[in-house]
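Notes to accompany the following structure.
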Amino acid sequence: MRIAMKRLVILSALFSLLLSVACAKKKVQGVTYDGTSLIINGKRELLFSGSIHYPRSTPEMWPDLIRKAKQGGLNVIQTYVFWNAHEPVQGQYNFEGNYDLVKFIKLIGEHKMYVTLRVGPFIQAEWNHGGLPYWLREVQNITFRSDNPPFKYHMKKYVKMIIQKMKDEKLFASQGGPIIISQIENEYNSIQLAYRDAGTRYVQWAGNMAVGLKTGVPWIMCKQKDAPDPVINACNGRHCGDTFTGPNKPYKPTLWTENWTAQYRVFGDPPSQRSAEDLAFSVARFFAKNGTLTNYYMYHGGTNLGRTSAVFTTTRYYDEAPLDEYGLQREPKWGHLKDLHKALRLCRKALLWGSPKVQRLSKDLEARYYEIPGTKVCAAFLTNNSTLSAQVVKFRGQEYYLPQHSISILPDCKTVVYNTQRIVSQHNSRNLVKSEKANKLKWEMSLEIIPDTNRVPVNAKIPAELYSLLKDTTDYAWFTTSLDLGVRDLPMRKNIKPVLRVASLGHAMLAFVNGEFIGSAHGSHIDKSFVLQQPIDLKPGVNHISLLGSTVGLPDSGAYMEHRYAGPRLVTILGLNTGTLDLTLNGWGHQVGLDGEKVRVYTQSGSHRAQWTEATKGVGRALTWYKTYFDAPEGDQPVAIHLPQMTKGMVWVNGKSIGRYWYTYLSPLGQPSQSEYHIPRSFIKPTDNLLVVLDEDGGNPESIEILNVDRDTICSYITENHPPSVKSWARKNSHFITVLDEVKTAAHLKCPNHKKIVAIEFASFGDPYGICGNFKYGNCTSPISKDIVEKHCLGKTSCAVPIERGLLDKGNDGCPSIMKTLAIQAKCSH
């Protein structure tokens, strides 16, 4: 019986292999799947995907981002489709500039990569209103994301329009294009119970509606256990290899749509991190347990330009991704994952056609391996799940050292080519360098008019709800009222002053009394509501109160989003002789937007419609526009702006908004959540660039600097027990071979953009510690470390320094009993 079963397994694997070859010869177009993997144009593949959102960068950046993603070992790019970007006004469509979805997908195809298209139309994504256009809120009797006829009508109309656009351009794999998967809805399980039976009916309707569009590629739903057939349910999270319960049918593949490379930030947050080691462990674990597609969310986060970020979300998005906000390779994350993809591809045949087995070695140790019986095809994953201690394991007669919480990959079940905890790739550090050419700034200012009821007369009994007042056309709205007081209404005692108290549902507010700024207040991402309380000076006669309410993005998640509200709900004055005065029903005037916004003061033509004077030295008045001109920074590196003594507002370069800034909302560490703001190079002309800054609370523009951004500080940190680079091996005609004459552990360095190593800033062979940009000497170091590294690396674009005691110590070993580390920091330049 055992022999018969073994023969059956061998025959099944061989039949699958032959079927794949036959399909490839027939040049089958389209995508199918089974319980093992997706089958693309008749061929099985391991899929390494990364999220890059086209609106969060510029068309000029797209080719470089896609190229670096491919160089990093990816073969798929994933993106959402952004409904409110494409249909901001009902029936009026925008697919231009950085919203040119078709151009973006075609570029990916030109790089011989695939696309996962997440149509949504609800996407969350920390994007304004979760991608839903504001006008949808005003559709009568609508309930978002439910079995609600108005919502389903508009959703279906939009989805059909997007799918038809893709079909017209022949972008689906079934038409010879790059799109291999589409996604409908997004993480609906997290709110489904709030809608009860209407939620269940909606999921079924959404899945069936999508499948009925007949794209020739599979549809997926992420975090949706009850995804209807043939829709594939996929996992989102940090460790889907251990948390995902699997597809809801055995004939569906195991897919990971969001492997979070860090954590997005909101204003008020401290820095977020996820180590390259933990990320690599999670991916290796997933592929060791039958996974065949992982997607890094994000691979490049980019910039929330303009007003596109969701509620309280920073302008910088997923800067800790393998490609940082500026599109530069963040090392070691980019390189460590590239090496991982190479290691997994060396295991491709075993993973896609082999039979999986698990061998428990001890409490925290296990071996997972795949092999095709009767052949030499075998790949193994040796796992140490202990987060506290390294272990030595025995597998198939050999001993292997496993660092804590790590996985070693053996593409031939013998040779370790990669360990998730041992980073062989280089590290780097980001530098922000003040530009010499761009910082000859001469600031002018224009004061925004503070309106009163004479300018903005009363038009409602109570303050209007802020979302419905703004309709997502601006962040700002004025609320004006007035009160007539007699001498006897005012406090007589010197130690008592009236206090203005405003309770608001969010998000932020500036308050003015009789044209004078009295203070500001704001909520948070967790609690949008707040109370503004400030002492005020009142006079006998008419007093004017002007409140500037503002939003910081619209909500992007949760149930019943159409019923979220913001703005003042209660306004009172305390401390009057007549007691507390409730002004909520006093009658209020409303003005949507600032005067500067209406004349587009941030554009060249609009700036001439405002009155400008030389900016005052030091801190300026609240609610002031500042402008200057600057020349393009030298070189072609990415550009950033630093505004350390400004408060909160927005920045425009040549009429284009680079997003919201907020310096005065500090994290628990006492620092702003974001300190530098990206100016895309494509926004900048060679000379005379118009820079306009709106500052809300009163800032000092003299502190503003234009910066060049680079990652020209490169490093290596390698121990004697690191494996050699995975580039030392390859597969040739299905055989696992070495591609070097001598396979050895070494420190590898390579400068970006064809620059050369011009200085070795640190080198120590011994027990150094620290991180790239901040290495320190330990208790032991070879005195010739720097000399040896300089001989190997100076003047070169790339170099390798072998980790050999005979080379780095030359018989003068001051600490022979310790495991040695080589740390190098080098400077690259043209």
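The values are calculated or read from the model by the stated rules, or taken from the named source; none is laboratory data. Given the structure is predicted, the values throughout are model-derived calculations rather than measurements. Every residue, glycine as well, gets a Cβ built from its backbone with ideal geometry; the counts of neighbours run over all protein chains shown. SASA here: full protein model, heavy atoms, side chains in, ligands and nucleic acids out. Shrake-Rupley method; radii C 1.70, N 1.55, O 1.52, S 1.80 Å.
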May I ask you to verify whether SER557 is open to solvent by 30 Å² or more (accessible area, probe 1.4 Å), farther than 23 Å from ASN454 by Cβ and in contact with a helix residue (DSSP H, G or I) (Cβ under 7 Å, 6 or more places away or on another chain)?
yes
Here, strands (runs of 3 or more DSSP E) confined to region 606-678 with at least 2 residues that are out of contact with any Gly (no Cβ under 9 Å at 6 or more places or on another chain) are 624-630, 639-642, 648-653
Among residues of region 354-367 being loosely packed, with under 13 Cβ neighbours inside 10 Å and out of contact with any Asp or Glu (no Cβ under 9 Å at 6 or more places or on another chain), the residue nearest to VAL416 (Cα to Cα) is SER362
When region 682-713 is checked residue by residue, the ones that are open to solvent by less than 40 Å² (accessible area, probe 1.4 Å) and touching a Lys or Arg at 6+ places or on another chain (Cβ under 7 Å) are PHE683, LEU690, LEU691, VAL692, GLU696, GLY698, LEU707, VAL709, ARG711, ASP712, THR713
Matching residues in region 648-681 (over 20 Å from the mean Cα position of the chain (by Cα), among the β-branched types (Val, Ile, Thr) and open to solvent by less than 10 Å² (accessible area, probe 1.4 Å)) number 2
query: Taking the stated definitions as given, is PRO230 closer than 27 Å to TYR99 by Cα and not hydroxyl-bearing (Ser, Thr, Tyr)?
result: no
- Message: Here is a check on your reading of the model: is THR628 touching a residue at least 12 places away in the same chain (Cβ under 8 Å) and open to solvent by 10 Å² or more (accessible area, probe 1.4 Å)?
- Response: no
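The rows are residues; the columns are (1) in contact with a Ser or Thr (Cβ under 6 Å, 6 or more places away or on another chain); (2) at pLDDT 95 or above; (3) in a helix (DSSP H, G or I); (4) crowded, with 19+ Cβ neighbours inside 10 Å.
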{"residue": "VAL21", "(1), (2), (3), (4)": "no, no, yes, no"}
{"residue": "LYS25", "(1), (2), (3), (4)": "no, no, yes, no"}
{"residue": "GLN29", "(1), (2), (3), (4)": "yes, no, no, no"}
{"residue": "THR36", "(1), (2), (3), (4)": "no, yes, no, no"}
{"residue": "PHE48", "(1), (2), (3), (4)": "no, yes, no, yes"}
Could you tell me whether LEU351 is open to solvent by less than 10 Å² (accessible area, probe 1.4 Å) and in contact with a helix residue (DSSP H, G or I) (Cβ under 7 Å, 6 or more places away or on another chain)?
no
LYS289: passes all of (1) surrounded by 24 or more Cβ atoms within 10 Å (Cβ to Cβ); (2) closer than 21 Å to SER49 by Cβ; (3) over 12 Å from the mean Cα position of the chain (by Cα) but (1)
Of the residues in region 776-830, those that are open to solvent by less than 60 Å² (accessible area, probe 1.4 Å) and on the phi > 0 side of the Ramachandran plot come to GLY795
Worksheet item: When you look at LYS157, is it closer than 16 Å to PHE122 by Cα and open to solvent by 30 Å² or more (accessible area, probe 1.4 Å), yes or no?
Response: yes
Within region 72-98, residues part of a helix (DSSP H, G or I) and touching a strand residue (DSSP E or B) at 6+ places or on another chain (Cβ under 9 Å) come out as TRP83, ASN84, ALA85
Expected single match for assigned to a strand (DSSP E or B) and farther than 30 Å from LEU351 by Cβ among GLY814, GLY778, GLY770 is GLY770
A careful count of residues in region 102-125 that are open to solvent by 10 Å² or more (accessible area, probe 1.4 Å) and in contact (Cβ under 8 Å) with a residue 60 or more places away in the chain gives 5
Scanning region 267-286 for residues that are part of a loop (DSSP other than H, G, I, E, B) and surrounded by fewer than 23 Cβ atoms within 10 Å (Cβ to Cβ), the one farthest from the chain's Cα centre (by Cα) turns out to be GLY268
Restricting attention to region 495-547, the residues that are open to solvent by 20 Å² or more (accessible area, probe 1.4 Å), outside any strand (DSSP E or B), of a type in the set (Val, Ile, Thr) and closer than 18 Å to ASN577 by Cβ number exactly 1
TYR99: passes all of (1) farther than 28 Å from VAL552 by Cα; (2) without any contact (Cβ under 8 Å) to a residue 60 or more places away in the chain but (1)
Apart from one, (1) over 19 Å from PHE287 (Cβ atoms); (2) free of Cβ contacts under 8 Å to residues at least 24 places away in the same chain; (3) surrounded by 19 or more Cβ atoms within 10 Å (Cβ to Cβ) all hold for TYR370; the odd one out is (1)
Open item on the list: Within region 393-405, does at least one residue satisfy the condition of being outside the structural domain of ILE573 (by the TED database), under 30 Å from PRO752 (Cα atoms) and not β-branched (Val, Ile, Thr)?
Closed with: no
Meets criteria (assigned to a helix (DSSP H, G or I) and on the phi < 0 side of the Ramachandran plot) for ASP242:
yes
Picked from region 452-473 (must be under 17 Å from LYS598 (Cβ atoms) and either open to solvent by 10 Å² or more (accessible area, probe 1.4 Å) or outside the structural domain of LEU505 (by the TED database) (or both)), the residue farthest from the chain's Cα centre (by Cα) is ARG455
